[in-house]
Amino acid sequence: MSSLFSPMALGSLELPNRIWMAPLTRCRAEEGHVPGALMAEYYAQRASAGLIIAEATMAMEGHSAFWHEPGIHSQAQVDGWRLTTDAVHRAGGRIVLQIWHGGRACHPLLNGGRVPVAPSPIAISGDTVRTPEGKQPYVVPRELGDDEIPAIVKGFRLAARNAMAAGFDGVEVHGANGYLLDAFLRDGNNHRSGPYGGPIAHRARLLLEVLEAVAGETPLMGLRLSPLNSFNDMADSDPIGLITWLARRLNDLPLAYLHLMRGDFLGRQQGDVLSPAREHYRGVLVSNMGYDASEAEAAIAAGTVDAVAFGTAFLANPDLPERIRRGAPLNEPDPATFYSPGPAGYTDYPTLAPA
């Protein structure tokens with residue numbers, strides 16, 4: 001019977017525990033979306049995670065959705081990320097990079113006036129985006145042409161190649177939370193016809209093409225999905241059917257793990273997506289959203305999942321595995337500093353005294 005502290009193999013990696021660090025947008029990149037020394041310190045502090053999944057990172061230029069998020073499309077960004085990977089590896093950790101296209105969550109004020117792209121011209125409603133001119137409503141995106149899709153696939157492929165040049169142990173493709181790949185997957189946002197719209201097999205075509213391209217550039221590839229999450233004004237008419245189809249289809253790809261967000265941040269959509277994923281996907285299954293240590297331990301012991309990715313708990317507790325091991329209290333995260341610049345609420349959370 002496995003536990004949170006059972007080692008596990010992931011591709012060629014040997015992970016010392018099953019307490020993974022989920023990707024967390026922190027908006028601490030420097031000018032030009034370049035990761036710096038502060039980010040390296042932050043990730044190295046959390047090197048005791050079984051695996052660190054670094055934050056959503058721009059696969060290609062001109063698709064910023066968070067103002068100060070990092071990229072992996074320039075040499076300066078590759079060099080900047082090398083500071084992080086070297087620091088994490090020196091600390092004994094393992095780290096993969098989540099590569100991402102913001103899709104309709106991007107904004108012209110963050111991208112030199114460029115209108116964002118999406119499967120269909122449907123704006124995100126009920127939310128705003130942070131820009132240099134303050135919070136702004138999302139704009140109606142431009143429908144991506146079928147003839148433009150090969151460039152998107154190429155962008156992800158080159159991002160994966162750059163991630164390996166930056167020293168990462170692998171990559172995670174971001175197919176969740178209403179960004180470009182997820183927007184194609186879910187019928188609440190994908191209203192197009194043709195080879196990339198309509199039935200699930202067509203809506204999943206872009207994701208599968210990206211995965212096939214990325215697989216040729218990295219020895220370890222993961223995928224994050226969120227079939228229930230309504231974040232970024234997302235929905236699907238049949239999320240259980242969607243994850244069931246995908247779980248089966250993903251067995252045909254060299255996927256090291258499937259990282260599944262089990263719920264909905266806003267509680268609009270309900271359902272059990274873990275069970276069909278576990279039933280039909282034969283690889284390593286990782287889940288996150290709302291787990292505490294005891295529930296994570298029970299899920300791993302029962303074989304429901306193989307590992308659990310912790311988000312805000314890792315944000316506020318650099319030494320989360322040790323705190324769980326000792327049964328020590330957790331630091332409370334400070335939402336006011338989640339996306340603010342500088343070290344406050346980033347690298348200054350306290351760690352336990354040595355036992």
* Asked: Quick one: if the Förster radius is 35 Å, what FRET efficiency do VAL115 and ALA165 give, using the C-beta to C-beta distance and rounding to 0.05?
  -> 0.70
* Structure fact -> With R₀ set to 51 angstrom, the calculated FRET efficiency between the beta-carbons of ARG90 and SER193, to the nearest 0.05, is 0.50
* Asked: Mind checking the dipole of the chain: about its Cα centre, +1 per Lys or Arg Cβ, -1 per Asp or Glu Cβ, Debye to the nearest 20?
  -> 260 debye
* Once you charge only the Cβ atoms, +1 for Lys and Arg and -1 for Asp and Glu, what is the size of the charge dipole of region 1-101 about its Cα centre, to the nearest 20 debye? -> 380 debye
* Rank these by accessible area, largest first, 1.4 Å probe: SER230, SER6. => SER6, SER230
* Sort the following peptides by mean Cβ neighbour count (other Cβ atoms within 10 Å, averaged over residues), highest first: 126-135, 143-152, 251-260. => 251-260, 143-152, 126-135
* For MET58, enumerate residues with amide H under 5 Å from its amide H, sequence gap 5+ or separate chain, H modeled in the peptide plane. => GLY71, ILE72
* Structure fact -> Taking every DSSP bridge whose two residues both lie in region 1-99, the antiparallel percent to the nearest 5 is 40 percent
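Leaving ligands, DNA and RNA out of it, rank MET261, MET1 by accessible area with a 1.4 Å probe, largest first.
MET1, MET261
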* To do: Using θ = phi - 60° and the Karplus relation 6.51 cos²θ - 1.76 cosθ + 1.60, list the HN-Hα couplings for region 281-293 in order, rounded to whole Hz, with x at every Gly or Pro.
  => 8, 8, x, 6, 10, 10, 10, 8, 4, x, 6, 9, 4
* Amide hydrogen neighbours beyond the local backbone of TYR138, cut-off 5 Å, H modeled -> ASP127, VAL129
* May I ask you to order 51-64, 83-96 by the average number of other C-beta atoms within 10 Å around their residues, highest value first? => 51-64, 83-96
* Asked: Quick one: if you stick a label point 7 Å off each Cα along the C-beta vector at ASP146 and LEU352, how many nm between them?
  -> 5.7 nm
* Asked: If you take the beta carbon distance between GLU61 and ALA123 as r and set R0 to 22 Å, what does 1/(1 + (r/R0)^6) give as a FRET efficiency, to the nearest 0.05?
  -> 0.45
* Structure fact -> GLN75 and ALA298 label points (each 7 Å along its Cα→Cβ direction) are spaced in nm at 5.4 nm
* To do: Determine the gain in length on full extension of the stretch SER340-ALA328; use 0.36 nm per residue of separation and subtract their C-alpha separation, reporting nm with one decimal.
  => 1.5 nm
* Given only helices, namely DSSP H runs of n ≥ 4 each adding -39500 (n - 2.57), what is the per-residue ellipticity at 222 nm of the chain, to the nearest 500 deg cm²/dmol? -> -8500 deg cm²/dmol
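The values are calculated or read from the model by the stated rules, or taken from the named source; none is laboratory data. Since the model is a prediction, treat every value here as computed from it, not as a measurement. FYI the Cβ positions are ideal-geometry reconstructions off the backbone, even for glycines, and counts take in every protein chain you see. Heavy atoms of the whole protein, side chains included, go into the accessibility calculation; ligands, DNA and RNA do not. Shrake-Rupley method; radii C 1.70, N 1.55, O 1.52, S 1.80 Å.
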